[in-house]
Amino acid sequence: MLFFYSKALHIIFVVTWFAGLFYFPRLLIYVTEAETQPEPGRSILQNQLLLMQRRLWYGITWPSAVITLLLGLNTWYNYGSTPDWLIYKLVLVAGLYVYHILCHVVFRQQQRGEFRYTSTQLRIWNEVATLFLFGIVFLVVLKDALSMVWGMLGLLALIVLLMIGIRVYRRFREH
């Protein structure tokens, strides 16, 4: 019974971690876009957004990532075996942690007042977590690498649509 509680908590913290990973890059975008505003609005807006970044990152996203890892390792240990689908999932999860750390790098840059990426680049970056979510969920639910491939092909189609949407939105904003 304890295994199921651990697994349920793992899923809950995966959800909160993804919530942070979905919203956090939006804050990176907003801080970058605030850089183009005239003073005093720029300082007021950026200070508020940087505070929101810190609260989200350290209050929700990082703790959720750590608890997800601990509960995930516990679930894996109690699972008793490591089927092929789980190996693929673990590879995707490792990629998701790399994404998380790279978000942290951009976060630290912005907290220091360094803006190395355009809002368009950050909008594209914002979609990376979605790629991981699709791959991981398809593997966990279908437990089959081939089904994951079909799911990822569908995801590639979604990515193309997202890229088109980003370009259309960018043109819409410019006019």
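Looking only at the stretch 26-44, how many residues end up being part of a helix (DSSP H, G or I) and touching a Lys or Arg at 6+ places or on another chain (Cβ under 8 Å)?
Summing the residues that are part of a helix (DSSP H, G or I) and touching a Lys or Arg at 6+ places or on another chain (Cβ under 8 Å) in the stretch 26-44 gives 2.
List pairs: first residue in the stretch 72-98 and among the small types (G, A, S), second residue in a helix (DSSP H, G or I) anywhere in the structure, Cβ distance under 7 angstrom, at least six positions apart or on different chains.
From the stretch 72-98, the pairs are G72/H10; G95/F132.
Name the single residue that is nearest to the chain's Cα centre (by Cα) among those in the stretch 25-60 being touching a residue at least 24 places away in the same chain (Cβ under 8 Å) and farther than 19 Å from R123 by Cα.
I60
I need the full set of residues from the stretch 65-106 which are surrounded by 15 or more Cβ atoms within 10 Å (Cβ to Cβ), hydrophobic (A, V, I, L, M, F, W, C) and farther than 19 Å from F13 by Cα, in order please.
Listed by number, the residues that qualify are W85, V106.
Looking only at the stretch 61-85, how many residues end up being under 20 Å from L131 (Cβ atoms) and modelled with pLDDT of 90 or more?
Summing the residues that are under 20 Å from L131 (Cβ atoms) and modelled with pLDDT of 90 or more in the stretch 61-85 gives 6.
Does the stretch 92-112 include one or more residues that are over 13 Å from the mean Cα position of the chain (by Cα), polar (S, T, N, Q) and under 30 Å from L2 (Cα atoms)?
Checked the stretch 92-112: no residue is over 13 Å from the mean Cα position of the chain (by Cα), polar (S, T, N, Q) and under 30 Å from L2 (Cα atoms).
Scan (1) outside any helix (DSSP H, G or I); (2) over 23 Å from Y30 (Cβ atoms); (3) of a type in the set (F, W, Y) for the single condition F134 breaks and write down its number.
Result: F134 fails condition (1) only.
The values are calculated or read from the model by the stated rules, or taken from the named source; none is laboratory data. Please read these numbers as outputs of a predicted model, since none were measured by experiment. Note: ideal-geometry Cβ built from the backbone for every residue, glycine included; neighbour counts use all protein chains shown.
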